[in-house]
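Below is one structure, written out as structure tokens, with a few remarks after it.
Only the coordinates and a few stated rules stand behind these numbers; no lab work does. Since the structure is predicted, the reported quantities are computational estimates derived from the model, not experimental observations. Every residue, glycine as well, gets a Cβ built from its backbone with ideal geometry; the counts of neighbours run over all protein chains shown.
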Amino acid sequence: MVLKYAIVHEWLTPKATGGSELVVREILRHIDAELYALIDFESTNPESYLYQRSIGTTFLQHFPFARKGVQKYLPFLPLAIEQLDLRGYDVILSSSHTVAKGVITTPQQLHICYCHAPMRFAWDLTFDYLGSSTMGRGIQGILTRYLLHRLRQWDVLSANRVDYFIANSKHTATRIWRCYRRRSEVIYPPVNIERFTFQEKKEDFYLTVSRLVSYKKVSLIVKAFNELGRPLVVIGTGPELKKLRELARPNVQVMGPQPDAVVEQYMAGAKAFVYGACEDFGIALVEAQACGTPVIAYGAGGATETVRDIREYPDTGTGLFFWAQSELALVEAVKTFEAEEGNFNPEMARSQAAKFGPTIFEKRYLAFVSSAYRRFKSREAL
């Protein structure tokens with residue numbers, strides 16, 4: 001029997017190029033599946049690997065300005081994802097960080113969700129989003145809080161539609177348990193380490209690459225380096241770009257968005273890669289290590305699973321952590337890094353990054369899907 005697979009992702013647009021999209025791309029390399037999303041503007045993009053592919057979408061596809069992101073239509077996302085008719089498939093593979101796991105299936109269909117995170121704006125980042133947006137104040141704020149309350153209820157309800165969860169890190173597995181009381185298998189996402197050039201000799205600058213939004217804590221990094229006076233390069237775009245350029249002193253260069261080739265060049269040449277956010281996985285941290293570049297990161301979330309602190313692992317360390325999201329903690333971490341700089345071996349960083357390569361993801365993911373289907377069918381036969 002040849003199984004029919006469907007993959008469901010949140011949105012497919014030219015600006016959606018993060019870790020979750022890389023997971024979808026890797027799954028499609030190995031599983032012959034039909035693809036569905038809330039919106040799709042990649043199948044008409046000649047530069048996309050999805051160009052001219054048939055992709056199922058929802059009514060949001062036709063909403064004004066949907067191409068720039070459907071987040072503005074947040075109240076409609078649960079309703080929209082539930083309109084996808086997937087009855088013709090044996091196995092549903094959702095790639096979810098917002099609502100993709102909420103598709104409706106039948107008892108005869110196996111649903112496996114690769115969860116990048118429970119929707120962060122509705123759970124642990126609720127107050128960050130409310131505090132940084134005008135939607136969090138006044139009458140609007142009351143309505144927004146009610147909307148988030150209803151989203152949390154739907155989010156928990158829709159988790160019951162999933163037969164098996166896969167988490168992209170132990171940190172995410174903990175969040176899945178906390179939000180949904182569901183256990184999950186940890187399978188780290190694929191990182192294309194071959195894309196990055198290993199460079200042993202480093203230049204005299206620090207680097208951060210990130211979306212420039214408040215929870216990424218890039219302003220914290222800029223302020224710390226303003227104080228340190230060390231050269232820092234900031235690459236990325238987002239609503240905080242203008243603010244960061246105004247904040248930066250002459251030793252801090254805020255470059256804004258850059259092509260992949262430029263990012264790869266700076267990643268390989270940096271003295272260290274600096275990161276201040278608590279990430280569910282943190283693909284950029286692995287990419288930096290693939291270049292042989294050590295990492296200075298906030299010691300929480302997925303970073304603790306991908307970076308080895310040289311103070312704990314003197315022979316195989318690939319970076320070091322700071323334990324508070326504060327300028328003082330980061331300043332002290334940079335000074336500690338510079339004292340330890342000669343002890344870092346770039347080869348160790350490259351070896352650490354290799355643990356998260358696509359081949360490892362392929363083997364673990366395909367084995368899990370196969371095992372889950374056998375368990376599902378055996379229960380069905382009881």
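Label-to-label distance for Thr336 and Arg379 is 4.4 nm, based on points extended 7 Å past Cα in the beta-carbon direction. Mean-square fluctuations from a GNM of the chain, with a 10 angstrom spring cutoff on Cα atoms, peak among Tyr129, Tyr266, Tyr114 at Tyr129. In this rough spin-label picture, where each label sits 7 Å from Cα along the Cβ direction, the Arg67-Leu3 distance is 3.7 nm.
Sorted ascending by nearby beta carbons within 10 Å, beginning with the fewest, Thr172, Thr293 become Thr172, Thr293.
Taking the helices alone, the chain has a mean residue ellipticity at 222 nm of -11500 deg cm²/dmol, built from -39,500 (n - 2.57) per DSSP H run of at least 4 residues and averaged over all its residues. Rounded to whole numbers, the Karplus 3J(HN,Hα) couplings from phi for the range 254-271 are 9, 7, x, x, 9, x, 3, 4, 5, 4, 4, 5, 5, 4, 6, x, 5, 5 Hz, using 6.51 cos²θ - 1.76 cosθ + 1.60 with θ = phi - 60°, and x at Gly and Pro.
Per the Kirkwood formula applied to alpha carbons, the range 269-326 shows a radius of gyration over Rh ratio, Rg over Rh, of 0.92.
If you wrap the tightest convex hull around every Cα atom of the range 293-382 and split its volume per residue, you get 125 Å³. Taking 0.36 nm per residue of sequence separation and removing the Cα-Cα distance, the Asp204/Phe59 pair yields an extension gain of 47.1 nm.
By other beta-carbon atoms within 10 Å, ranking Asp260, Asp124 with the fewest at the front produces Asp260, Asp124.
This ranking places Met1, Met255 by how few other beta-carbon atoms lie within 10 Å of each, fewest first, which gives Met1, Met255.
Local charge for Lys201 was computed over the other residues whose Cβ lies under 15 Å away, with Lys and Arg +1 and Asp and Glu -1, and equals -2. Our summary gives the range 193-354 a relative contact order of 24 percent, counting only alpha carbon pairs under 8 angstrom and 6 or more residues apart. Note: relative contact order over the range 1-136, using C-alpha pairs below 8 Å and six or more positions apart, is 26 percent. With 27 Å as the limit, the listed pairs Lys216/Lys355; Lys15/Lys202; Lys15/Lys271; Lys202/Lys355; Lys72/Lys363; Lys170/Lys216 have Lys15/Lys202; Lys15/Lys271; Lys72/Lys363 beyond it between alpha carbons. Here the range 193-354 carries DSSP beta bridges of which approximately 0% are antiparallel, counting only pairs with both residues inside.
Here r is the Cβ-Cβ distance between Tyr146 and Gln108 and R0 is 41 Å; the resulting FRET efficiency, rounded to 0.05, is 0.65. Enter the angle in degrees (range 0 to 90, nearest 10) between the Cα long axis of helix 327-340 and the first principal axis of the Cα atoms of the chain, meaning the one along which they spread out most. Result, in degrees: 70. Under 5 Å between amide hydrogens, built in the peptide plane, is the criterion, and for Leu35 it picks out Ile7, Gly56 among residues at least 5 positions away or on other chains. Could you list log10 I(q)/I(0) for the chain at q = 0.10, 0.12 Å⁻¹, which the Debye formula gives when each Cα is one point scatterer? Here log10 of I(q) over I(0) equals -0.68, -0.97. Taking every alpha-carbon pair under 8 Å whose residues sit at least 6 apart, the chain reaches a relative contact order of 13 percent. Per the Debye formula on identical point scatterers at the alpha carbon atoms of the range 193-354, with no solvent, log10 I(q)/I(0) at q = 0.09, 0.20 Å⁻¹ is -0.24, -1.35.
Could you give the Stokes-Einstein D for the range 69-170 in µm² per second, using the C-alpha Kirkwood radius, 10 °C, 1.306 mPa s?
108 µm²/s
Using a simple spin-label model with pseudo-atoms 7 Å out from Cα toward Cβ, Tyr49 and Glu194 lie 1.1 nm apart. Over the range 189-248, the pair-distance histogram of Cα-Cα distances with 10 Å bins from zero comes to 19, 43, 29, 9 percent, rounded to whole numbers. Counting Lys and Arg as +1 and Asp and Glu as -1, what is the net charge of the other residues whose Cβ lies under 10 Å from the Cβ of Val252? After counting each charged neighbour, the total is +4. Hey, what angle do you get for helix 358-380 against the long axis of the chain, alpha-carbon based, 0 to 90 degrees rounded to 10? Roughly 30 degrees between the two axes.
Centre-to-centre, using Cα atoms only, the range 311-379 and the range 173-247 are separated by 14 Å.
Here the 3J(HN,Hα) profile of the range 233-245, calculated from phi with Karplus coefficients 6.51, -1.76 and 1.60 at θ = phi - 60°, is 10, 10, 10, x, 9, x, x, 8, 4, 4, 4, 5, 5 Hz, Gly and Pro shown as x.
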